[in-house]
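Structure, as structure tokens:
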Amino acid sequence: MTVEAHDPRPKKVQIADALRDEIATEQLPAGHRLASLRELADRFQVTTVTVGNALKVLADEGVIVSVPTRGYFVQSPPSDAVAEQNASGPVNRDEINAIHSEIRRLAARVAELEKRVEHTGSA
């Protein structure tokens, strides 16, 4: 397989998606050692740097794990509890902004209440 030039996804994403599919269909089962960077680069007809970037994507997702001096290995599937937690997806930027706004609003309210207590207590 090679990466497709007409595909709008970056090469590293195309490679990560292909390997992720192989892992999902258990062509690469849990515990399986992936081919070397050079072998994967030859397979996908890209540089070893591009393959390394694709493997980093998968490692960051927890799909594979790097074992120094041994290579990359397919991780065991996550437990049901972890899968359920990840099913809702990551928190989006709008939700984070809404939370920050609410915290600022509450902090201002607490500051106002503290002022009131200070004024009534000193009178």
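Observations
- Extension reserve of the THR48-ARG9 stretch, reckoned as 0.36 nm per residue once the Cα distance is removed: 12.2 nm
- Once backbone amide H atoms are built at 1.01 Å from N, HIS32 has VAL74 as its partners under 5 Å, excluding neighbours fewer than 5 places away on the same chain.
- Accessible area per residue in Å² at 1.4 Å probe, computed on the chain: 73
- Helical runs (DSSP H, four residues minimum) scored at -39500 (n - 2.57) apiece and divided by the length of the chain put the mean residue ellipticity at 222 nm at -19500 deg cm²/dmol.
- Nearest-10 value in Å² for the accessible area of ASP60, using the 1.4 Å probe: 110
- Between ARG38, ARG109, ARG93, the Gaussian network model of the chain with springs among Cα atoms under 10 angstrom shows the greatest mean-square fluctuation at ARG109.
- For ILE64, the residues 5 or more places off, or on other chains, whose built amide H falls under 5 Å of its own are ALA59, GLN75.
- FRET efficiency for ARG109 and SER66, using Cβ-Cβ distance with R0 set to 41 Å, rounded to 0.05: 0.30
- Shape category assigned to segment 1-51 from the gyration tensor of Cα positions, a/c cut at 1.5: oblate
- The chain: most fluctuating residue of VAL67, VAL110, VAL51 per GNM, C-alpha cutoff 10 Å: VAL110
- Total charge dipole magnitude, the chain, about the Cα centre, Cβ charges on Lys, Arg, Asp, Glu only, Debye to nearest 20: 460
The values are calculated or read from the model by the stated rules, or taken from the named source; none is laboratory data. If you're wondering where the values come from, they're calculated on a predicted model, not measured in any experiment. Backbone-built Cβ (ideal geometry, glycine too); neighbour counts: all protein chains shown. The area values use the complete protein model at the heavy-atom level, side chains included, leaving out ligands, DNA and RNA. Shrake-Rupley method; radii C 1.70, N 1.55, O 1.52, S 1.80 Å.
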